[in-house]
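S.K.: The structure that follows is given in the form of C-alpha cells.
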Amino acid sequence: MTDSGQDLRINNGFIRLLAAESARLEASAQVAWSLDAPELSVRERYAPMHRLLAPDDAAFLRNQGAAPALIPKLRREHRGCYFDYVRRLTAEVRSARKMRALAMASQENWSFWILSESALLSEASLLYLRWLGCRHALGIRVSTRDVRECLDLLLVGPRLHLVTT
C-alpha cells in the first residue's frame with residue numbers, strides 16, 4: 001500500500017491497486033504541469049460522469065409515472081454522454097502523457113520504464129471507465145463511487161498531475 005491515507009478510503013480493489021502503483025511511480029519521477037482550461041478545472045469538466053451511470057434519474061421518472069419506454073431511452077442517452085466524456089478524457093490523458101515525456105526529456109530525466117508504467121496505469125484506468133459503461137449497457141448496476149474513485153485517481157493521481165482546483 002501507499003503512504004497516502006486517501007488510498008485506504010478507496011472502496012474498489014482494482015482502483016486501490018492502480019493508486020498504489022501510481023504512488024510507487026511518483027517516487028521515481030517528479031514532473032508536474034496543468035492542463036486546466038482557464039474557465040473550468042479538469043475536475044469540473046468531468047464531474048458529471050459519475051452521475052450519468054446512476055439509476056437516480058430513471059427511478060425518478062418511474063416514480064413520476066413516466067412511460068416505461070422512456071427509461072431505456074434515458075439510459076442510452078446518459079450512456080452515450082458518458083462515453084463522449086470518456087473519449088475526451090482519453091485524448092486529454094494521452095496528451096498529458098506526451099507532455100510528461102517532453103518535460104522529462106527536457107530535464108534530461110527521461111525513463112522509458114517510468115513512461116511505460118505510467119501509460120499502462122492510465123490506460124488501465126481508462127479501460128476500467130469504459131468497462132463500467134459497458135456494464136451499464138448490459139443492465140448491471142454500476143456504483144457511482146467506482147466511477148468517482150477512478151476519475152479521482154486518473155485526474156488528481158500522482159502519475160499524470162492533471163492539476164485541478
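The values are calculated or read from the model by the stated rules, or taken from the named source; none is laboratory data. Predicted, not measured: the structure shown is a model, and the values here were computed from it. Cβ atoms come from the backbone with ideal geometry, glycine included; neighbour counts cover every protein chain shown.
S.K.: Hey, among the residues in region 110-143 that are polar (S, T, N, Q) and over 15 Å from Val86 (Cα atoms), which one's modelled with the lowest pLDDT?
M.R.: It comes out as Ser111.
S.K.: Looking only at residues that are surrounded by fewer than 12 Cβ atoms within 10 Å (Cβ to Cβ) and either touching a helix residue (DSSP H, G or I) at 6+ places or on another chain (Cβ under 6 Å) or not small (Gly, Ala, Ser) (or both) in region 110-119, which one is nearest to Pro55 (Cα to Cα)?
M.R.: That would be Trp113.
S.K.: Among (1) modelled with pLDDT of 85 or more; (2) of a type outside the set (A, V, I, L, M, F, W, C); (3) outside any loop (DSSP other than H, G, I, E, B), there is one condition Glu44 misses while meeting the rest; what is its number?
M.R.: So the condition that Glu44 fails would be (1).
S.K.: Can you tell me which residue in region 89-108 is nearest to Val42 (Cα to Cα), limited to those that are of a type outside the set (A, V, I, L, M, F, W, C) and part of a helix (DSSP H, G or I)?
M.R.: Glu92
S.K.: Counting only residues that are farther than 20 Å from Leu155 by Cβ, in contact (Cβ under 8 Å) with a residue 12 or more places away in the chain and not aliphatic (A, V, I, L, M), which one in region 93-109 is surrounded by the most Cβ atoms within 10 Å (Cβ to Cβ)?
M.R.: Filtering first and then ranking leaves Asn109.
S.K.: Answer yes or no as to whether Ser122 is surrounded by 15 or more Cβ atoms within 10 Å (Cβ to Cβ), without any contact (Cβ under 8 Å) to a residue 60 or more places away in the chain and in contact with a Leu (Cβ under 8 Å, 6 or more places away or on another chain).
M.R.: yes
S.K.: Can Asp152 be described as out of contact with any Gly (no Cβ under 9 Å at 6 or more places or on another chain), among the acidic types (Asp, Glu) and at pLDDT 90 or above?
M.R.: No; evaluated as a whole, the condition is false for this residue.
S.K.: Sticking with this one: Could you list, in sequence order, all residues of region 125-143 that are surrounded by fewer than 17 Cβ atoms within 10 Å (Cβ to Cβ) and in a helix (DSSP H, G or I)?
M.R.: Leu127, Arg130, Trp131, Cys134, Arg135, Ala137 - these are the residues of region 125-143 that are surrounded by fewer than 17 Cβ atoms within 10 Å (Cβ to Cβ) and in a helix (DSSP H, G or I).
S.K.: Under 9 Å by Cβ, and 6 or more places apart or on different chains, what pairs join a residue from region 60-72 that is part of a helix (DSSP H, G or I) with one that is of a type in the set (Val, Ile, Thr) and at pLDDT 90 or above?
M.R.: Pairs that qualify, where the first residue is part of a helix (DSSP H, G or I) and the partner is of a type in the set (Val, Ile, Thr) and at pLDDT 90 or above: there are none.
S.K.: Of the residues that sit in region 41-92 and are within 17 Å of the chain's Cα centre (by Cα) and of a type in the set (Gly, Ala, Ser), which one is surrounded by the fewest Cβ atoms within 10 Å (Cβ to Cβ)?
M.R.: My answer is Ala91.
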